[in-house]
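> Structure provided below as structure tokens; questions to follow.
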Amino acid sequence: MQGMRHRTLSIVLLIAVAVAPAVTARSRRNRSLSSAPGSFDYYLLSLSWAPTWCGQDAARTSSAECMPGRHTGFIVHGFWPEAATAKSPEFCGQAGRVGDATVRMVLPLMLSANLIQHEWAAHGTCSGLSSYDYFSALVQVRAKVQIPVQLNSASAEMKISPAEIENQFAAVNSGFPKNAFRTACVRGLLEEERICFDKNLNPLACTASARECGDGRIAIPPTL
């Protein structure tokens, strides 16, 4: 009887050893699915408020974005594949260098070749598109967004609620759902405006994953 018990235990252990690699491999595949190129729900266009970014670090003032006298306000920070409810994908594959012609196409909107390369590696690789098609989509959606003149023309710091900023964007972008806009803040300052688009590059209502500033009022530093 004892010998039979040992043989049974040995068989169970052999089965467990054989199955374990398959389970581990399946678990790895499941974890990687969320980061597979094209596995996302919608796009988020992030427009960074340059005066806030430039004011955080004196070393940044040497960048094209931070040069005084250019009256730089919103620039494109990124165009992110977003998940509606889960953590959004990042770094979904090997990222080759973005070609010079593509960089030249998008540089007027992002003002930094290094940022373009970073955004392709971190977010563009999750789109399922080539780098040219990804940045072409970015250019298309940016052209659809109008900036409220009261934000870009302010000569002194303003204080306003995130909801008011979103209302201003909604007012000048009449074809967009009102809740297609989300305002992000950092240390009581306007950080960026986020605008949501579907995979066909049409305006879309944002989900909670787009996140929103919870401050009652935030400061908007004037353009540089």
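The values are calculated or read from the model by the stated rules, or taken from the named source; none is laboratory data. As the structure is a computational prediction, the values presented were derived from the model and not from experiment. All Cβ positions, even for glycine, are placed from backbone atoms using ideal geometry, and neighbour counts span all protein chains on display.
> Given the residues Ala84, Ala50, which is the only one that is aliphatic (A, V, I, L, M), at pLDDT below 95 and crowded, with 16+ Cβ neighbours inside 10 Å?
From the options Ala84, Ala50, the qualifying one is Ala50.
> Can you tell me how many residues in the stretch 143-164 are under 16 Å from Ala219 (Cβ atoms), free of Cβ contacts under 8 Å to residues at least 40 places away in the same chain and not small (Gly, Ala, Ser)?
Number satisfying all stated conditions: 2.
> Starting from the stretch 103-123, take each residue that is in contact (Cβ under 8 Å) with a residue 24 or more places away in the chain and list its partners that are part of a loop (DSSP other than H, G, I, E, B) and buried (at least 20 other Cβ atoms within 10 Å of the Cβ), counting only C-beta distances under 6 angstrom and pairs at least six apart or across chains.
Listed pairs, sorted by first residue: Trp120/Val98.
Residues are listed down the side, and each one gets a yes or a no for (1) of a type in the set (D, E, K, R); (2) touching a residue at least 60 places away in the same chain (Cβ under 8 Å):
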| site | (1), (2) |
| --- | --- |
| Gly128 | no, yes |
| Pro177 | no, no |
| Ala180 | no, no |
| Glu193 | yes, yes |
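> Pairs only if they're at least six apart or on different chains, beta carbon under 6 angstrom, first in the stretch 208-224 and under 14 Å from Glu166 (Cβ atoms), second of a type in the set (Ser, Thr, Tyr) and outside any strand (DSSP E or B); list them, first residue then second.
Taking only residues 6 or more apart or on different chains, the pairs are Arg217/Ser161.
> Would you please name the residue that is surrounded by the most Cβ atoms within 10 Å (Cβ to Cβ), looking only at residues in the stretch 87-112 that are more than 19 Å from Gly38 (Cα to Cα) and at pLDDT below 95?
My answer is Leu111.
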